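FYI, it's all coordinate maths here, none of it is from the lab. Since this is a predicted model, take the numbers as computed values, not measurements. Counting neighbours? That spans all protein chains shown, and the Cβs are built from the backbone with ideal geometry, glycine included.
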């Protein structure tokens, strides 16, 4: 089966691709092993279940994304620019996905979370922890924008949740309609939600 580490990585890559392009429920361990080119016995050497594999794969994928997101949301970056760059980051990723698979796939945590939240508690908790981290990025940018007088939001925590819901709502629409251009609305819509004046918007 090759190096042990290679087999584990291949299984994690395979499960993410299969459940993102298809669904968690329709993805079997046999499908994952076939996609990864790994024997079923090797699957059970590393993982007790499909849910455990999916949770670990999500964590590894998230940690790789966090490197770029930590840069985008650095406190050294002006707060409105952080929000704009985050929206542009999502657009870039979805564009790459569509070029590879022919479809806009939206947010993997939202898509998978909606499917498994009533079935797989451990996997649901992993997804929620990632979503909470993303929310903290957005809330911190809004708090800093408020402190700088760029926005006048009564409660940055509530507005952070609203902003996150708006962003993921557009990504879900883009997935349903397979229309990448829907995501072009993210920045102007988000800034409108925050009450940002046109003169304050970030230019490329």
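What to note about this one:
Yes/no per residue for (1) in a helix (DSSP H, G or I); (2) in contact (Cβ under 8 Å) with a residue 40 or more places away in the chain; (3) under 30 Å from residue 152 (Cα atoms); (4) within 13 Å of the chain's Cα centre (by Cα):
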{"residue": "56", "(1), (2), (3), (4)": "yes, yes, no, no"}
{"residue": "61", "(1), (2), (3), (4)": "yes, yes, no, yes"}
{"residue": "66", "(1), (2), (3), (4)": "yes, yes, yes, yes"}
{"residue": "77", "(1), (2), (3), (4)": "no, no, yes, no"}
{"residue": "92", "(1), (2), (3), (4)": "yes, no, yes, yes"}
{"residue": "99", "(1), (2), (3), (4)": "yes, no, no, no"}
{"residue": "111", "(1), (2), (3), (4)": "yes, yes, no, yes"}
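- Residue match in region 123-145 (condition: touching a helix residue (DSSP H, G or I) at 6+ places or on another chain (Cβ under 8 Å), assigned to a helix (DSSP H, G or I) and more than 23 Å from residue 70 (Cβ to Cβ)): yes
- Filtered by the rule that a residue be crowded, with 16+ Cβ neighbours inside 10 Å and touching a residue at least 60 places away in the same chain (Cβ under 8 Å), region 22-40 gives a lone residue, 24.
- Tallying residues that are buried (at least 16 other Cβ atoms within 10 Å of the Cβ) and under 18 Å from residue 129 (Cα atoms) within region 41-72 yields 10.
- Every test in (1) more than 19 Å from residue 55 (Cβ to Cβ); (2) buried (at least 20 other Cβ atoms within 10 Å of the Cβ); (3) touching a residue at least 60 places away in the same chain (Cβ under 8 Å) is passed by residue 127 save one, and that test is (1).
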